[in-house]
Amino acid sequence: MTGQPARTTTRRIRIRRIRVAGLLVVIAALAAALGHQLPASSSSTAVDVPRSEHRGAPGEADSTVPDGTTVFDDEISGVANLDSDLLAALRQAATDAADDGVEFVVDSGWRSPEYQEQLLREAVSKYGSEEEAARWVATPDTSAHVSGDAVDIGPSGAAAWLSEHGAEYGLCQIYRNEPWHYELCPEASDHGCSPMYADPTHDPRMQR
Ligand SMILES: [Zn+2]
């Protein structure tokens, strides 16, 4: 390849990545390389996702996901270990969203209990108390990420697309304070999503 790759080229490559599964590995590497050359401020990244969810520490590569991971990246354990029905719904939604020019990025998917514990410790130090941290990060025992039943989708345009169309696929936002966090609610395709909890502390599933 000669010259500077233009952003439009990157975009075209990333869209094709969704469609041409056989080239996934090669293109993922390429997209990652190109992604690192882009100025961070020029794209609409998921700025509303807590920083701690992005950061990987050594030894936690098993459940952090590389930048630009899609719901089709089977070789990433954070994607592969998601519940198969959730993953199928996400892939259908992502395919239809791509037709609207919207690309889904997985900011966080399945997490190991150890990684969830680390996120919780970081949140306690960031928010100053366990009570406040509980509004943002669940324990390893209660987290829907650890059970493979939740995914954080970015960038904000993708979350907005899901907020409008997700229910058709059974994909629902659960917490009002986490517009990126989606879980599978199969009945939503008939009845729409249930009202959201203000934050995880209002979710009875978190009271274990
Ligand atoms: Zn989440």
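Computed quantities for the displayed model
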quantity: Of residues in the stretch 112-150 being of a type in the set (Phe, Trp, Tyr) and within 19 Å of the chain's Cα centre (by Cα), the one most open to solvent (accessible area, probe 1.4 Å); calculated: TRP136
quantity: Identity of the residue in the stretch 89-110, among the charged types (D, E, K, R) and touching a helix residue (DSSP H, G or I) at 6+ places or on another chain (Cβ under 7 Å), that ends up surrounded by the fewest Cβ atoms within 10 Å (Cβ to Cβ); calculated: ASP100
quantity: Complete set of residues in the stretch 77-88 that are open to solvent by 20 Å² or more (accessible area, probe 1.4 Å) and within 16 Å of the ligand (Cβ to nearest atom); calculated: ASN81, ASP83
quantity: The stretch 39-56 - residue that is in contact with a helix residue (DSSP H, G or I) (Cβ under 7 Å, 6 or more places away or on another chain) and either assigned to a loop (DSSP other than H, G, I, E, B) or farther than 26 Å from LEU120 by Cα (or both) and, of those, modelled with the highest pLDDT; calculated: ASP48
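The values are calculated or read from the model by the stated rules, or taken from the named source; none is laboratory data. Please read these numbers as outputs of a predicted model, since none were measured by experiment. Counting neighbours? That spans all protein chains shown, and the Cβs are built from the backbone with ideal geometry, glycine included. Protein only, heavy atoms only, side chains kept; ligands, DNA and RNA dropped before computing areas. Shrake-Rupley method; radii C 1.70, N 1.55, O 1.52, S 1.80 Å.
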